[in-house]
Amino acid sequence: MSNQNLIQKEAREKYLELSRNIKTAMMLTELGKAPIHAIPMGSKEILDNGDVIFFSKSTSEHNANIEKNNQTQLIFSDVTSKEFLSVYGTTEVSRNSELIEKHYDKLDANWFESKNDPTLTVLIFSPQEGHYWDNKTNALITLAKLAYTKATGDETEIGVSGSLKM
């Protein structure tokens, strides 16, 4: 796997490409504590500036953790397309009524009484840096390349990974 570190505009473009392709992320809070609190979160929108919008209950453990320390990490993983992204940043808890109005849908009724539910909050994750792994070939081709490498000792290109500095 080749290494391609990206900065600023290129990093943001790669981040947006991968994060928009993968709709669910594991959100990690309390990063300095073991075990780290992790919860799957479905993104509502990923803004052009890289901010990720989520809905969350004000009474949740991750909201409480964010209120204490807003440093968070998102881990996106799509094993089918072989795309992976780990992003570090900060998260703000908000009650932005415009974002609630824009993004509330029928699926949200599984967690909230309505868009007027007093426990409905908006989490806004702002990325700072990350790392990505992107293998655009399918699993069969990757397996063949790995077998070739093992048999011959010659390196083959199976994808690209790198740091993202935004």
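Within the range 119-132, does at least one residue satisfy the condition of being at pLDDT 80 or above and open to solvent by 60 Å² or more (accessible area, probe 1.4 Å)? Yes, because at least one residue in the range 119-132 is at pLDDT 80 or above and open to solvent by 60 Å² or more (accessible area, probe 1.4 Å). Taken as a whole, the range 63-83 holds at least one residue that is open to solvent by less than 20 Å² (accessible area, probe 1.4 Å), in a helix (DSSP H, G or I), touching a residue at least 60 places away in the same chain (Cβ under 8 Å) and farther than 19 Å from TYR132 by Cα.
For the range 69-108, taking the residues that are among the small types (Gly, Ala, Ser) and modelled with pLDDT under 95, the one that is farthest from ASN49 (Cα to Cα) is identified as SER81.
Remark: LYS14 falls outside the filter, which requires a residue to be among the charged types (D, E, K, R), closer than 21 Å to GLU129 by Cα, buried (at least 17 other Cβ atoms within 10 Å of the Cβ) and in contact with a Ser or Thr (Cβ under 9 Å, 6 or more places away or on another chain).
Since SER94 meets every condition but one in (1) without any contact (Cβ under 8 Å) to a residue 60 or more places away in the chain; (2) within 17 Å of GLU13 (Cα to Cα); (3) open to solvent by less than 50 Å² (accessible area, probe 1.4 Å), which condition does it not meet? Exception for SER94: condition (2). Only a single criterion out of (1) farther than 15 Å from SER126 by Cβ; (2) among the hydroxyl-bearing types (Ser, Thr, Tyr); (3) modelled with pLDDT under 95 is not satisfied by SER58, namely (3).
Checked against the criteria, SER86 does not count as more than 19 Å from the chain's Cα centre (by Cα), of a type in the set (S, T, N, Q) and either part of a strand (DSSP E or B) or farther than 26 Å from LYS165 by Cα (or both).
The values are calculated or read from the model by the stated rules, or taken from the named source; none is laboratory data. Because the structure is predicted, anything quoted here is derived from the model rather than measured. Note that each Cβ is placed from the backbone with ideal geometry, even for glycine, and that neighbours are counted across all protein chains shown. Each accessible area value is taken on the protein alone, full model and side chains, heavy atoms only, with ligands, DNA and RNA left out. Shrake-Rupley method; radii C 1.70, N 1.55, O 1.52, S 1.80 Å.
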